[in-house]
């Protein structure tokens, strides 16, 4: 199997930040030929809202285009006519006002997968209002479940923008391409963070429906309340992550702390969680993070160090996999997933060209992308 399964797929990405460029990075890493259209203007970078290529914007062809200009819009439409996929993250109605909405574009290119990424979705009472990751996650119930008892805490932007956003955008694009193999026509993908996060929380909703999940924060097995599934501070101020859920892993974890499982309070009783947490915390404070890491590494106790972004690429397992690596002093993520056991090379070859040149380049290679 090729290590670039999307080779030949032509994508037009309209410049933005957040889920759309992240989705474009994932697709480009797997071989897609992506042209990113940035906003025009005297002070505008061809790279759009990000300041430099590489990392999230790696592997793109960058085009500066003032889409308010009629001639430039016409050229953009020409480019979309040659494309397999378009990725856009504007508010509902913006692309239509520019004359580049799905109805207009797909009239010229029936095979086009027109993928739209928003926080709220293309319709609904909030569709045309502003928002950010924290707002979208809040409405799904997910934010209320994260953090200490005192108040919810934003889980970075990983849950909303990227897990609920870009990952579902990519999922939608690939599903639409698969459908195109049967129908010979593209479609419009409406990806919203609210929808994506709602799908992500279904396993938690399932537990809740069975009476196994409380709406109270820090009161459940997987939200930091359970003494066998949380972090502990070490003697040097570092932290260790404990995920000793299964009974056999838990018993090993307890014994490696030089404790006797039968002499401890029953972990199955939630009323004992506080006491067990204090016991385990006291033990972890007797050694440094490095010492605990050395003790637990290679065991089935499910205990690992909590690393910083700077430390993570140096971890032996992460380094062996090449999941993260140093690039000119920056920490960079490698392409994922792998195919036939091989990791795809990070997309490269960033270049800047005119929109006319981008159209001409694709017209020289009119062969349609096929999944098989």
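What to note about this one:
- Exactly one residue among 92, 5 is modelled with pLDDT of 90 or more, surrounded by fewer than 21 Cβ atoms within 10 Å (Cβ to Cβ) and outside the structural domain of residue 161 (by TED's automatic domain parsing), and that residue is 5.
For every residue, the table says whether it meets (1) touching a helix residue (DSSP H, G or I) at 6+ places or on another chain (Cβ under 9 Å); (2) touching a residue at least 12 places away in the same chain (Cβ under 8 Å).
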site	(1), (2)
128	no, yes
135	yes, yes
141	yes, yes
147	no, yes
153	yes, no
169	yes, yes
172	no, yes
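- Condition check for residue 252: part of a helix (DSSP H, G or I), modelled with pLDDT of 95 or more and over 30 Å from residue 201 (Cα atoms): yes
- Qualifying residue in the stretch 341-362 (condition: under 26 Å from the mean Cα position of the chain (by Cα), without any contact (Cβ under 8 Å) to a residue 40 or more places away in the chain, exposed (fewer than 13 other Cβ atoms within 10 Å of the Cβ) and more than 27 Å from residue 237 (Cα to Cα)): yes
- Subset of the stretch 109-125 (residues that are more than 19 Å from residue 178 (Cβ to Cβ) and loosely packed, with under 15 Cβ neighbours inside 10 Å): 123, 124, 125
- Filtered residues of the stretch 285-333 (kept if farther than 26 Å from residue 346 by Cα and in a loop (DSSP other than H, G, I, E, B)): 285, 286, 287, 288, 297, 298, 299, 300, 301, 302, 306
- Residue in the stretch 234-247 that is touching a residue at least 60 places away in the same chain (Cβ under 8 Å), surrounded by fewer than 19 Cβ atoms within 10 Å (Cβ to Cβ) and assigned to a helix (DSSP H, G or I) present: no
- Output for the stretch 283-309, where each listed residue is farther than 19 Å from residue 243 by Cβ and in contact with a strand residue (DSSP E or B) (Cβ under 7 Å, 6 or more places away or on another chain): 285, 309
- Comparison of 128, 106 shows that the only residue that is surrounded by fewer than 18 Cβ atoms within 10 Å (Cβ to Cβ), in the same structural domain as residue 21 (by TED's automatic domain parsing) and over 18 Å from the mean Cα position of the chain (by Cα) is 128.
- The single condition from (1) touching a helix residue (DSSP H, G or I) at 6+ places or on another chain (Cβ under 8 Å); (2) in contact (Cβ under 8 Å) with a residue 12 or more places away in the chain; (3) crowded, with 18+ Cβ neighbours inside 10 Å that residue 259 fails is (3).
- For the stretch 326-338, the count of residues that are surrounded by 12 or more Cβ atoms within 10 Å (Cβ to Cβ), on the phi > 0 side of the Ramachandran plot, touching a residue at least 24 places away in the same chain (Cβ under 8 Å) and within 29 Å of the chain's Cα centre (by Cα) is zero.
- Residue match in the stretch 179-202 (condition: farther than 28 Å from residue 95 by Cα and in a loop (DSSP other than H, G, I, E, B)): yes
- Qualifying residue in the stretch 16-25 (condition: farther than 20 Å from residue 344 by Cβ, in contact with a helix residue (DSSP H, G or I) (Cβ under 6 Å, 6 or more places away or on another chain) and at pLDDT 90 or above): yes
Each row is one residue, and each column tells you yes or no for (1) closer than 30 Å to residue 59 by Cβ; (2) modelled with pLDDT of 95 or more.
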position	(1), (2)
287	no, yes
291	no, yes
297	no, yes
302	no, yes
317	yes, yes
327	yes, no
333	yes, no
337	yes, no
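The values are calculated or read from the model by the stated rules, or taken from the named source; none is laboratory data. This structure is a prediction, so every number in the text was calculated from the model and none was measured. Cβ sites come from the backbone with ideal geometry, for glycine too, and all protein chains shown count toward neighbours.
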